[in-house]
Amino acid sequence: MSTDSKEVLLKMRDMRIDGFSDEKWHEIIKGVDLTLHKGEVLGLIGESGAGKSTLGLAAMGFARPGCRLTSGEIWFDGVDLMKESEAAKQKLRGARIAYVAQSAAAAFNPAHTLMEQTIEAGVRHGLSSPDEAREDAKKLFAAMDLPDPNNIGDRFPHQVSGGQLQRAMTAMAMASRPDLIIFDEPTTALDVTTQVNVLAAMRNAVEQFHTAAIYITHDLAVVAQMADRIKVLRYGVEVEEADTQTMLTDPKEEYTKSLWSVRSIEKEAESADDKILEIRNITAAYGKVPVLKNVDIAVSRGKTVSIVGESGSGKSTTARVVTGLLPQLEGDVLFNGDPLPPKLKDRSRDQLQRIQMIYQMADTAMNPRQTVREIIGRPVEFYTGKRGKAVDQRVKELLEMIELDESFMDRLPGELSGGQKQRICIARALAAEPELIICDEVTSALDQIVQEGILKLLMHLQEELGVSYIFITHDIATVRAISDEVVVMYQGEVVEQGGKQEIFSEPHPPYTELLLASVPEMEIGWLEKTLTTLGEKRAAMG
Amino acid sequence: MTVHPVIRTVLQRLALGVMTLFFVSIVIFSGVEMLPGDFTQAVLGQAATEETVAAFRRELGLDQPAYIRYFDWIGGVVTGDFGTSFSGRAASGIDRSRDVVDLIGPRLWNTLFLASMTAIVAVPLALFLGITAALYRNSVYDRVVNATTLATISTPEFFVAYILILFLAALNPIFPSLANVSPDTELSERIYRSALPAMTLALVIIAHMMRMTRAAIINLLASPYIEMARLKGLSSTRVILFHALPNAWAPIVNVIAFNLAYLVVGVVVVEVVFVYPGIGQLMVDAVTTRDIPVVQACALIFAATYIVLNLLADIISIVTNPRLLHPR
């Protein structure tokens with residue numbers, strides 16, 4: 001975390017990058033300066049579309065297909081990459097500058113073992129012989145805290161977990177001992193409980209080899225653990241830059257402050273005795289693989305129940321059972337006190353109408369060829385029997401509810417922003433006039449500021465319409481913001497459930513303890529502090 | 001339960017292949033059964049009396065009910081006996097007929113020879129062209145290769161054949177325009193005489209395979225692991241050969257299998273143009289003379305070719321998929 005040598009490693013001057021969309025080139029990075037010293041970690045933050053990744057890749061002299069570096073200077077250790085030949089840049093990439101991608105599962109080639117891919121760059125650049133590289137990789141695997149470091153390299157990417165892959169990718173980047181590593185959202189795809197360890201492994205590696213790094217993320221709490229300095233980007237322009245401490249405690253710009261204050265929604269938790277949905281002792285399986293074991297969950301009318309847990313914990317499967325997509329093997333789902341038929345096709349239109357669903361990826365949940373009018377109008381016709389002008393009128397009302405005006409009626413999903421798409425999905429669910437809406441990670445794919453808007457909208461709709469929510473998420477901040485009651489799931493079982501206050505106060509069962517402790521906090525030194533206590537918590541889980 | 005999943009899948013596919021072949025045999029038999037016309041009448045002519053026709057039918061076994069004839073036939077096939085050809089028989093009772101196996105054997109060998117000769121050249125060439133076109137995509141080379149192969153695939157095969165004859169046999173007498181081979185033709189002579197039909201077939205199938213290879217590879221170039229490979233500073237050749245190609249085998253192999261099957265079952269036009277004594281011509285002749293045992297045997301061989309080649313393609317797709325080959 002120190003910058004003892006003030007020698008400059010990378011210097012970008014007035015960097016400008018174009019991106020191709022809608023049949024023409026647009027400037028997406030508009031004259032950004034960036035300076036990085038040897039051994040220093042710079043955090044690059046901003047919302048999606050801010051140009052973080054594009055700028056990070058430009059540090060390697062690389063532009064993705066559909067992008068082009070138009071002007072500026074990229075001085076890396078005395079040479080301007082803008083003027084270098086492709087061959088010269090190839091020599092640097094993988095040797096002196098390495099890249100760690102967002103999704104390790106996608107960035108590892110499924111056809112080759114981890115070892116082949118880890119040593120590939122070093123061997124191809126002639127930095128070491130295959131045998132030396134293999135021995136060294138084993139040491140790196142060990143340093144990255146991977147299990148069985150001597151043999152894990154013989155495995156294929158699909159044979160190890162996501163957290164392990166992300167660590168192996170850091171080892172791969174380290175293999176040729178680069179001067180600079182670009183970390184591009186390396187922990188975004190991981191569960192919080194896995195994230196902590198990966199973060200620690202990456203920080204140790206960077207410190208041990210005195211490597212400089214650019215750490216790209218949208219998560220402020222994460223960047224606070226990793227970076228010496230933070231640069232905030234928005235719309236391809238720098239907003240501000242300062243050392244981490246100053247940035248956290250004393251941000252200058254309004255935009256930065258707004259990023260910092262997103263997690264400020266808080267709602268008073270209430271409970272009600274009137275239960276709209278009761279899941280009783282549900283057991284379910286995919287084929288022969290059991291996924292839910294004796295799950296009991298109750299949802300109060302007009303309230304929000306959050307189901308929280310890591311991937312594979314059974315959150316979404318619970319939703320599939322409630323909606324009838326996956327009939328349970330045992331147990332009952334009671335809706336307004338009456339049991340729902342397990343299979344979707346046995347449910348009446350009335351039963352279907354009362355439970356609606358909103359998905360994580362608004363993009364894929366809408367037909368790209370249908371206009372907003374058709375997308376929202378269809379359930380209006382189907383469930384309420386309205387026709388012609390009455391449908392249009394209702395679509396207009398629904399658009400008003402989600403705070404969009406009627407000019408959106410004839411747009412296609414492709415013409416909407418991520419937040420607007422999710423709003424359309426909310427309107428589509430509301431069109432059925434449901435009593436219960438299941439929200440499956442509805443804000444996970446959105447930027448923090450947009451998330452805040454969606455969450456506020458959902459809360460507002462609840463007050464107005466009295467609709468109940470099951471809110472499935474892995475994000476503790478979201479849970480804190482909107483829940484009345486919380487259910488913690490782990491490996492297909494309910495670990496703890498109760499009112500929000502109850503869940504967020506001691507004592508916890510061991511898993512809840514671990515989950516809550518793993519959520520990064522915006523505080524320098526949180527990572528060190530947490531690592532020691534987390535070890536004990538994991539041990540407590542057995 | 002300790003059987004490796006790949007072996008289990010392969011065995012399953014094999015069993016499925018045998019089942020398919022069995023169903024196809026029923027379809028073939030029923031299809032031939034439904035053909036209009038009758039061999040006995042075709043041979044004996046309009047003037048034959050009811051009695052002679054009935055006697056001839058009895059001799060050929062055509063008086064039996066269809067299901068008995070089916071089981072007779074399929075029972076023979078399983079033991080390698082495809083029956084006796086109808087041709088060579090006459091109402092006079094003189095029987096110069098031959099076993100179907102003897103009739104088809106040399107023809108099938110000729111067809112397989114031509115198919116192998118074409119495949120040995122065409123498959124590697126198509127892969128090479130496809131890979132290099134992907135490597136230098138959108139370059140002049142890529143466009144020339146694409147346009148040329150598109151032209152050859154869009155031209156009817158008999159036309160390609162006559163063009164080749166015109167330039168390589170008529171105007172410049174390099175190769176013979178007639179590919180008449182017999183069992184005692186020497187190998188080198190055989191290759192020489194089969195050169196033009198082989199070239200024609202190669203031109204027809206290369207385009208398909210080359211374009212699929214190119215598309216399958218380019219399809220993968222947008223994958224994050226390809227970007228990762230580029231960011232490791234690897235050369236384009238290495239990126240394509242080591243990172244893209246191993247993941248592109250499944251679609252490529254399927255197209256290769258499809259084209260190899262075509263080389264065996266779909267080449268009758270080319271055989272006719274070059275008067276090449278292959279199995280396609282034999283089947284067409286057998287259909288015209290209502291020689292049912294030969295038609296059925298040819299159809300079954302064609303079906304088996306498709307099934308075996310597709311089975312092979314499936315197996316290769318499975319084996320090149322690390323998720324299946326190396327389970328968790």
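The figures follow:
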| read-out | value |
| --- | --- |
| Tally of residues being within 18 Å of B:Phe82 (Cα to Cα) and modelled with pLDDT of 85 or more across the range B:288-328 | 13 |
| The listed residue being more than 13 Å from chain B (Cβ to nearest Cβ), over 23 Å from the mean Cα position of the chain (by Cα), open to solvent by less than 50 Å² (accessible area, probe 1.4 Å) and under 28 Å from A:Pro251 (Cβ atoms), out of A:Glu47, A:Glu40 | A:Glu40 |
| Options B:Asn254, B:Asn219: the member that is within 30 Å of A:Met60 (Cβ to Cβ), under 29 Å from the mean Cα position of the chain (by Cα) and open to solvent by 20 Å² or more (accessible area, probe 1.4 Å) | B:Asn219 |
| Some residue of the range A:151-167 being open to solvent by 10 Å² or more (accessible area, probe 1.4 Å), more than 10 Å from chain B (Cβ to nearest Cβ) and at positive phi | no |
| So A:Glu132, is it of a type outside the set (Val, Ile, Thr), open to solvent by 50 Å² or more (accessible area, probe 1.4 Å) and within 13 Å of another protein chain (Cβ to nearest Cβ) | no |
| Residues of the range A:429-449 satisfying the condition of being over 18 Å from A:Lys267 (Cα atoms) and not acidic (Asp, Glu) | A:Ala429, A:Leu430, A:Ala431, A:Ala432, A:Pro434, A:Leu436, A:Ile437, A:Ile438, A:Val442, A:Ser444, A:Ala445, A:Leu446 |
| Single match in A:Val232, A:Val196 (criterion: hydrophobic (A, V, I, L, M, F, W, C), within 14 Å of A:Gly46 (Cα to Cα) and either in contact (Cβ under 8 Å) with a residue 60 or more places away in the chain or surrounded by fewer than 19 Cβ atoms within 10 Å (Cβ to Cβ) (or both)) | A:Val232 |
| Residue within the range B:315-327 that is of a type outside the set (Lys, Arg), within 30 Å of B:Ala179 (Cα to Cα) and either more than 14 Å from chain A (Cβ to nearest Cβ) or open to solvent by 40 Å² or more (accessible area, probe 1.4 Å) (or both) present | no |
| Inter-residue pairs, beta-carbon under 9 Å, first within 12 Å of chain B (Cβ to nearest Cβ) and in the range A:55-71, second among the acidic types (Asp, Glu) and open to solvent by 40 Å² or more (accessible area, probe 1.4 Å), 6+ apart | A:Gly61/A:Glu84; A:Gly61/A:Glu86 |
| Exclusive hit being among the hydroxyl-bearing types (Ser, Thr, Tyr) and crowded, with 19+ Cβ neighbours inside 10 Å, set A:Ser300, A:Ser271, A:Ser306 | A:Ser306 |
| Any hit, the range A:88-98, residues being more than 7 Å from chain B (Cβ to nearest Cβ) and within 24 Å of A:Gln164 (Cβ to Cβ) | yes |
| Residue in the range B:284-297 that is in a helix (DSSP H, G or I), acidic (Asp, Glu), open to solvent by 30 Å² or more (accessible area, probe 1.4 Å) and farther than 30 Å from A:Pro65 by Cα present | yes |
| Selection from the range A:384-419 of residues that are outside any helix (DSSP H, G or I), farther than 20 Å from A:Asn367 by Cβ and of a type in the set (Lys, Arg) | A:Lys386, A:Arg387 |
| Verdict on A:Ile214 being out of contact with any Ser or Thr (no Cβ under 9 Å at 6 or more places or on another chain), under 24 Å from A:Glu528 (Cα atoms) and buried (at least 19 other Cβ atoms within 10 Å of the Cβ) | yes |
| Cβ pairs under 7 Å, 6+ apart, first in the range A:438-466 and touching a residue at least 60 places away in the same chain (Cβ under 8 Å), second basic (Lys, Arg) | A:Met459/A:Lys267 |
| Test: B:Glu157 is surrounded by 17 or more Cβ atoms within 10 Å (Cβ to Cβ), closer than 27 Å to B:Val275 by Cα, more than 14 Å from chain A (Cβ to nearest Cβ) and charged (D, E, K, R) | yes |
| Test set (1) in contact with a helix residue (DSSP H, G or I) (Cβ under 9 Å, 6 or more places away or on another chain); (2) among the aliphatic types (A, V, I, L, M); (3) surrounded by 20 or more Cβ atoms within 10 Å (Cβ to Cβ); (4) assigned to a helix (DSSP H, G or I) - A:Val333 fails condition number | (4) |
| Residue in the range A:106-122 that is more than 7 Å from chain B (Cβ to nearest Cβ) and free of Cβ contacts under 8 Å to residues at least 40 places away in the same chain present | yes |
| Condition check for A:Gly535: under 19 Å from A:Met357 (Cα atoms), over 22 Å from the mean Cα position of the chain (by Cα) and open to solvent by 10 Å² or more (accessible area, probe 1.4 Å) | no |
| Residue match in the range B:256-277 (condition: on the phi > 0 side of the Ramachandran plot, more than 14 Å from chain A (Cβ to nearest Cβ) and modelled with pLDDT under 95) | yes |
| Where B:Ser182 falls short, out of the listed (1) assigned to a helix (DSSP H, G or I); (2) more than 14 Å from every other protein chain (Cβ to nearest Cβ) | (1) |
| Residues located in the range A:306-322, provided they are touching a Ser or Thr at 6+ places or on another chain (Cβ under 7 Å) and outside any loop (DSSP other than H, G, I, E, B) | A:Ser306, A:Ile307, A:Val308 |
| Failed criterion for A:Leu446 (all others in (1) part of a loop (DSSP other than H, G, I, E, B); (2) modelled with pLDDT of 90 or more; (3) open to solvent by less than 30 Å² (accessible area, probe 1.4 Å) hold) | (2) |
| Neighbours by Cβ (under 6 Å, 6+ apart or cross-chain): first from the range B:225-247, within 8 Å of chain A (Cβ to nearest Cβ) and farther than 19 Å from B:Leu129 by Cβ; second hydroxyl-bearing (Ser, Thr, Tyr) and outside any helix (DSSP H, G or I) | B:Leu231/A:Tyr99 |
| For A:Pro178: the one exception among (1) away from chain B (no Cβ under 13 Å); (2) assigned to a loop (DSSP other than H, G, I, E, B) | (1) |
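Condition check ((1) assigned to a helix (DSSP H, G or I); (2) touching a helix residue (DSSP H, G or I) at 6+ places or on another chain (Cβ under 6 Å); (3) under 16 Å from B:Val294 (Cα atoms); (4) not assigned by TED's automatic domain parsing to the domain that holds B:Gln296) across all residues:
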{"residue": "B:Ile28", "(1), (2), (3), (4)": "yes, yes, yes, no"}
{"residue": "B:Pro36", "(1), (2), (3), (4)": "no, no, no, no"}
{"residue": "B:Arg58", "(1), (2), (3), (4)": "yes, no, no, no"}
{"residue": "B:Leu62", "(1), (2), (3), (4)": "no, no, yes, no"}
{"residue": "B:Tyr70", "(1), (2), (3), (4)": "yes, yes, yes, no"}
{"residue": "B:Ser116", "(1), (2), (3), (4)": "yes, no, no, yes"}
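The values are calculated or read from the model by the stated rules, or taken from the named source; none is laboratory data. Quick caveat, the model's predicted, so the values are computed rather than measured. Virtual Cβ from ideal backbone geometry, glycine too; neighbours counted across all protein chains shown. Side chains included, ligands, DNA and RNA excluded: accessible areas come from the protein's heavy atoms. Shrake-Rupley method; radii C 1.70, N 1.55, O 1.52, S 1.80 Å.
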